[in-house]
Each structure stands twice: as C-alpha cells, then as structure tokens.
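Participant: My questions will all concern the structure given below.
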Amino acid sequence: MFVFLSPRRVALAWLLLAAGWLLTTTAVRAAEPSDAERATFKQAYAAARQGGEGWRNLATGLRGYPLYPYLQAAALEHDIQQTDRATVEAYLKQYPDWIPAADLRRAFLLELARRQDWSNFQALYQPGLGDTLSCDALQARLAAGGRLDFDKDLAALWAKPNLPSACDPVLSAAHDQGLLTDARLWTRIDRAADAGQSGTITGLANWLPDTDRLAAQQLALALRDPTSALTSAASWPDTPRHRQAATLALTRLARRQSTSADTAWQQLQPHFRFSEQQRDQVLYALALFHATDFDDNALARLAALPAAAQTDATREWRVRVALARQNWTAVLAGIAAMPADQQQDGEWQYFRGRALAALGHTDDAQRQFDAQADKPTFFGFLAADKLNQPYALCPLTLADDPQREQALLANPGLLRAFELYAVDLPKLARREWTRALKGADPTTQQVAANLANRRGWYDRAVFTMSSGDALRMYELRFPLASQDGLVPQAQQAGVDPAWAYGILRAESAWMSDAHSGADARGLMQLLPGTGALVARRNGLDWGGGDTLYDPATNIALGTRYLAQLAERFGGSPWLASAAYNAGPNRVDQWLAARGTLAPDVFVATIPFKETREYVARVMAFSVIYDWRLNGNAMPLSSRMNAIGQPYGRPDVAAMRRTVSCPSIEPAPATASSSRNASP
C-alpha cells in the first residue's frame, strides 16, 4: 500500500536517519567530549525543550555527540500535540533501545489516547508501560467493539487499591458487562481500606446493592473522618461490615487522639460484637499510641496486651516508655519480653547495658557494651565511649581492575550516563546508569561506582556500596567533595564541618537534584522559603528555589541554617539535627516533656521513628566524617552534650578518640583491607 508523506515528514524522517547513521559511525569516540561541546549541548537542549526547530542551528556541530538523540526527542515531546505517527516511528526505528525513544513512545501514546485516536494507538502500543496506558489500551479495544475478560484484562489492575482516572471508563464497561460482582467489589474495597484509599471505596460503593452501599460508605468515612464515623457508629446495625468500619475508625482515631479513641471504644463495646481479632486490633492501636503520647498508664497497657496483639512496635515502645521514666527494671523486663532476634538489635543491646549499669551490675553491663563496641554504628560508638575504647573502623579499598574498567568504558549506556551527569541532567543519568548496569555483578557495579566517583558523581557509590563488606569502603561512601566548599562554608558559619557533612549525607546521599515531597531541594534539602530567609538573614544572594540545586549555593545556605538551629539549641548538634528533621517547634515540645533525660535516652524517646533514626544516623556519620577529615574522631558522647549544657564547636586540637580495626574475617579478593586508621 502506498502511503503519502508530506515533504516536511519526508525531510524530518531523512534527518533522523542521517543523524542515526552519523551516531553509529562515531559510537566509539577517540576522546571524551570537550567543555565546548557540553556547553553547546546545554544550549541546544534548552532550546529543544521549548519545541520547534530552533535547536538544530545550535546543534550543527553535535551530530557525533553521544547525547544528540536526546535533543530530537526533547523537541518532539514538547510538540507532541502537533507530532504525527510517521515522525515518531522514524525516531523509534532509528533509536529502538534508547531511553528517549521509550519516553517519546509513552508521551505519544498518551497524546493519541487524549485524541482518542485508537487505531494509531493500537499500532504503537506495547504492554508494560504503566496502569494509565494499560487502561488506554483496553479503551482502544472497547472502541473497536471488543469485550473485556476479567482474568486476562482486569485481574492485575483490580488488585491495586488505587488506579488512574484513565481506568474509569474501563471499569464502567466491566460493570456494564456484569464482570464486577459483589464479591469482586468487596475484595477491592477491602484492599482499599487496608491501603487507606477512601476515594476508591466511595467510587466502588455506588455499584453495590442498597443494603451494602451504606456499609461501604461507612468504611470510607472511617478512613476520611474517624471522629464523625465514631459519633454515628452507635446507630449503625451490628453487621460484620459495620463492625469492620467501627474497628477501622477506632484504630485511625487512636493515631490522632488516643484519649478520644479510648472513650469511643468504651462506648461501642456494648453495641458491637467485635471479633477477638478486631478487639486485638483496637487494643494494639490504643496501647501503641498512648505510648507515643507517653501517657501515665502507657507502660501498664503495653505490658498487659494479649500476646496476639503484640508486635515488634508495641514491644519496643514498652522499652521506650520505661526509658522515658528511667525505670531501669522495666527496661530490662521489656527487652526480655522481645523475641530473640529483636533483642539482638544494637539499640536494645546498648540499652540493656545502660539498664544493667544503672542497677549496679557493672560487669554484666560491660559485657553488653563490649558486644556493640566493635560496630561502626551510633550505638557501637556510644558503647565504645562507655568502655573508653577506640572506635572500630576497618576500611576497605576497592582493588584496581583495569580490564573491568575498560569494559565498562566501552559500554555506550554507561558513557551516556556519565555524559548526562556532566551536562547537569542527573535524573536522566541515573536512568541510563540503571539500564546499563542491569544484571551486572556486585564487583562490576562497584567498579562503575568508582568511575562515577572520579567524575564527581558521588551518589552512585553511596547507593552501590550499601551492603556486606562494601559498607567498609568509607572513602567512596563518605566522599569529601572539596569543590563544593563544605569545609570553608561550615567554618564561616561556625559549625563543625564533620557534622555538616553528616547532615548532607543523611539528607540527600549526595544527590544534588534531590527533591522531597515537601519541596525540600538539593544536597542539604532546604525548602525554598527557608533558603530565602537564611539568605536574607546572612546577606547572601538569593536567586530563587531552583538555585538550591547548585551544590555551592545549597551548602552555603544549609550550613548557615545549621548554625541558626544550633544557636537555638545551645550549640547542640544532636538537638539541632532533630530540629533539622522534625522542626524546632517539635523539639521544643519534646524538651518541655522530657528535657531532664540523658541525650542517648532522649533520642530513644523521640516519638517519630524517622527523626529518631535520623539523629542516630547523622551523629554516626559525623564520627566517620571527623575521622575522614582528621584521622581520628571526637567521642560521640562529647558531641551529645547534656540538655541545657552549652556545647563548644570542636577544633583540630580537640581531644579525639583513636580508631583501630579489631580482628575481622578476611575480606573478599575483590577488595584490599587496611588496618590504617586513616583511609
């Protein structure tokens, strides 16, 4: 069949083919791209993302540049509403295995679905492109007169508690075909209830019979507004579904207002015949969240929980409440009530030692501390301080492997990853990295991470060296990026550089483009509003929120924000770390409630798991960075000054704990070990 192509389409298709031929003939370049080429690519890429053909004039000298196809794809994606199938297919044919080709296919399929051009959609669709396009593909079949098969077409989607809006027409068609039986509707409603998806339940409730619809709506209300649900629950019938809704509302309210949930529980027990499992669920939630509120009867509630209602969380909170009360006998009893594997956690071994020491069992306490003191962790460092022992840090150095390096440097995908990072496109770089190293053995991944590290791409090693003996590759896992200016900026701000490094490492793992759901940005994860205030307070330039992705700018502002928090909390790095994570007002509340506790105990009683672990991580990282900077490390206990006691920033002359490597099992042949204290 003859297909007519417009002159514009023919010209563009030939340009795509010519560019691909040029790329193929220059696949192995004699040298790394120049700074001038990279600067030109950045200009052309910015123009391509604005659409149109203007980028071509800028890119005339880039035909052999390894990222040239990214320019074409960026322009096509911007102009996707004006793009036609022939143009997209020409690109896909030329670069079938490229990431921008996959992105272009996805973008064009979404555009075809928007146009409801189902014929062209079906010609380009491939399975495995996500739930939205899966549902669009089913819409395409329905538009062509096809029918749905629940097991083949919907079962996988149905198992998900939440689906994109593109699936709504498909689910409606399935309902009209009689595929959404009451049993199937309730199965998905139960999944949505477990996942907290009230909107999904509300949408499905309309397809239930009248007798069931109200019960489903009560489930949605229990998730959305548990207080209102419990207010009306006394008038609900005592059916299994209404008991389910009441249980859900009670457990949800306990998280927010444990005392109000207690009152509702007492009122509803005579009304509903709760199952034993439902009673355990409610008792668990009430006990746990009374504990996180540190209520007077929290310890007794936790100890009295039925065995079936106890979890690792309730058992650990039994110990945390006992620690808050400094009831050392109860601390030991709580730890003894844990399963053996939970007792082996470093935190509980350390606090068992603390309790034994407080009760006068000195020898037993020292044995507990000794079990932790050879570990390079927060509790290991604290235990070493209790015993006045050197810190146990046993660095490994990645063995040279020139042959493996050369093989990696011949990998086009990895070279594209390095080049994307060099032109400040780290998100795309990570995608190329992941694809290039898919299926690679751990040693190959470590060598690749080392290659990235040499190029200033530090986060690859942080994420790659994440288990086993690789955790001892401290030089790669805890980089000292002098070009970003952290040490001088920290010194100018008046904070300890090792602590500032610890914050940065915990916040972003050295991902300069890190972006949180709360809009925190960059290496030290600053909010734009915070960055603006800190800049104004310190007389620094402020160029807007996107400047926080620049490492030097982010570090300059982040170190000064650290100094601001430290000043608020008497210079204390550990309290300022808690404030950096949870906010200073939260820390003020915790201090008002438990400000007489020793620092290690106070950290253990922080209600937020994230903040508790964050403080421990930052302080341990500070020890490691101090060692990296100075060859030894200030005692962690010196960094954790007593609440209310002023803290003085350490200098190079400060007393530091020596570092040694205790006897360890031989390292694997891929790495060489060193007992030298400095890496």
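Read-outs: derived from the displayed coordinates by stated rules, not from any lab. Quick caveat, the model's predicted, so the values are computed rather than measured. Here the Cβ positions follow ideal geometry from the backbone for every residue, glycine too, while neighbour counts run over all protein chains shown.
Participant: In the range 356-410, which residues are surrounded by fewer than 19 Cβ atoms within 10 Å (Cβ to Cβ), under 20 Å from M655 (Cα atoms) and of a type outside the set (A, V, I, L, M, F, W, C)?
Facilitator: Across the range 356-410, the qualifying residues are N388, Q389, P390.
Participant: Same structure again: Any residue in the range 205-221 that's over 16 Å from P237 (Cβ atoms): show its pairings with residues that are hydroxyl-bearing (S, T, Y) and crowded, with 17+ Cβ neighbours inside 10 Å at Cβ separation under 8 Å, as long as the two are six or more apart or on different chains.
Facilitator: Correct list of pairs: A220/S198; A220/T202.
Participant: Now for a separate question. Taking the range 596-612 as the search range and keeping residues that are assigned to a loop (DSSP other than H, G, I, E, B) and touching a helix residue (DSSP H, G or I) at 6+ places or on another chain (Cβ under 8 Å), which one is surrounded by the fewest Cβ atoms within 10 Å (Cβ to Cβ)? Walk me through how you get there before you give the answer.
Facilitator: In the first step, residues of the range 596-612 are kept if they are assigned to a loop (DSSP other than H, G, I, E, B); the result is 596-598, 605-608.
With the extra rule that they be touching a helix residue (DSSP H, G or I) at 6+ places or on another chain (Cβ under 8 Å), the set shrinks to 597, 605-608.
Details: L597: 20, T605: 20, I606: 22, P607: 18, F608: 14.
Per the criteria, the residue is F608.
Participant: In the range 78-124, how many residues are in a helix (DSSP H, G or I) and either in contact with a Pro (Cβ under 7 Å, 6 or more places away or on another chain) or under 26 Å from S165 (Cβ atoms) (or both)?
Facilitator: Let us first name the residues in the range 78-124 that are in a helix (DSSP H, G or I), namely 78, 80-82, 85-94, 99-115, 118-124.
When the remaining residues are screened for being either in contact with a Pro (Cβ under 7 Å, 6 or more places away or on another chain) or under 26 Å from S165 (Cβ atoms) (or both), the result is 78, 80-82, 85, 88, 100, 102-115, 118-124.
Qualifying residue count for the region: 28.
Participant: Looking only at the range 349-386, how many residues end up being in a helix (DSSP H, G or I) and either in contact with a strand residue (DSSP E or B) (Cβ under 9 Å, 6 or more places away or on another chain) or β-branched (V, I, T) (or both)?
Facilitator: So the first thing to find is which residues in the range 349-386 are in a helix (DSSP H, G or I), and the list is 349-358, 362-372, 378-386.
Checking the rest, the ones that are also either in contact with a strand residue (DSSP E or B) (Cβ under 9 Å, 6 or more places away or on another chain) or β-branched (V, I, T) (or both) come to 362, 380-381, 384-385.
Residues in the range 349-386 being in a helix (DSSP H, G or I) and either in contact with a strand residue (DSSP E or B) (Cβ under 9 Å, 6 or more places away or on another chain) or β-branched (V, I, T) (or both): 5 in total.
Participant: Sticking with this structure for a sec: Looking at L138, L180, L104, L129, can you tell me which residue is touching a Phe, Trp or Tyr at 6+ places or on another chain (Cβ under 7 Å), more than 26 Å from G196 (Cβ to Cβ) and not charged (D, E, K, R)? Reasoning before the result, please.
Facilitator: Numbers: L138 fails: touching a Phe, Trp or Tyr at 6+ places or on another chain (Cβ under 7 Å); L180 fails: more than 26 Å from G196 (Cβ to Cβ); L129 fails: touching a Phe, Trp or Tyr at 6+ places or on another chain (Cβ under 7 Å).
Criteria check complete, one pass: L104.
Participant: Only residues that are under 28 Å from L557 (Cβ atoms) and either under 21 Å from the mean Cα position of the chain (by Cα) or crowded, with 22+ Cβ neighbours inside 10 Å (or both): list them for the range 454-474, please.
Facilitator: Listed by number, the residues that qualify are W457, Y458, D459, R460, A461, V462, F463.
Participant: Which of the residues spanning the range 110-135 are under 19 Å from Q81 (Cβ atoms) and buried (at least 19 other Cβ atoms within 10 Å of the Cβ)?
Facilitator: If the condition is that a residue be under 19 Å from Q81 (Cβ atoms) and buried (at least 19 other Cβ atoms within 10 Å of the Cβ), then L112, A113, W118, F121, L133 are the ones that fit.
Participant: Do you know which residues across the range 283-339 are among the charged types (D, E, K, R) and part of a helix (DSSP H, G or I)?
Facilitator: Filtering the range 283-339 for residues among the charged types (D, E, K, R) gives 293, 295-296, 301, 312, 315-316, 318, 320, 325.
If the condition is that a residue be among the charged types (D, E, K, R) and part of a helix (DSSP H, G or I), then R301, D312, R315, E316, R318, R320 are the ones that fit.
Participant: Looking at L393 and the list (1) closer than 28 Å to W590 by Cα; (2) touching a residue at least 40 places away in the same chain (Cβ under 8 Å); (3) within 30 Å of the chain's Cα centre (by Cα), which single condition is not satisfied?
Facilitator: Every listed condition holds for L393 apart from (1).
Participant: Mind checking whether some residue in the range 446-458 is touching a strand residue (DSSP E or B) at 6+ places or on another chain (Cβ under 9 Å), β-branched (V, I, T) and more than 20 Å from P376 (Cβ to Cβ)? Break it down into steps so the answer makes sense when it comes.
Facilitator: Taking the range 446-458 as the starting set, the residues that turn out to be touching a strand residue (DSSP E or B) at 6+ places or on another chain (Cβ under 9 Å) are 446-447, 449-450.
Then drop every residue that is not β-branched (V, I, T), which leaves 447.
Those left that are additionally more than 20 Å from P376 (Cβ to Cβ): 447.
Yes, there is a match, as at least one residue in the range 446-458 is touching a strand residue (DSSP E or B) at 6+ places or on another chain (Cβ under 9 Å), β-branched (V, I, T) and more than 20 Å from P376 (Cβ to Cβ).
Participant: Every residue in the range 165-179 that is among the hydrophobic types (A, V, I, L, M, F, W, C) and either in contact with a Gly (Cβ under 9 Å, 6 or more places away or on another chain) or over 14 Å from R147 (Cβ atoms) (or both), please.
Facilitator: A166, C167, L171
Participant: T227 - would you say it is more than 33 Å from the chain's Cα centre (by Cα) and hydroxyl-bearing (S, T, Y)?
Facilitator: Numbers: more than 33 Å from the chain's Cα centre (by Cα): no; hydroxyl-bearing (S, T, Y): yes.
Considered against the rule, which asks whether it is more than 33 Å from the chain's Cα centre (by Cα) and hydroxyl-bearing (S, T, Y), T227 comes out as no.
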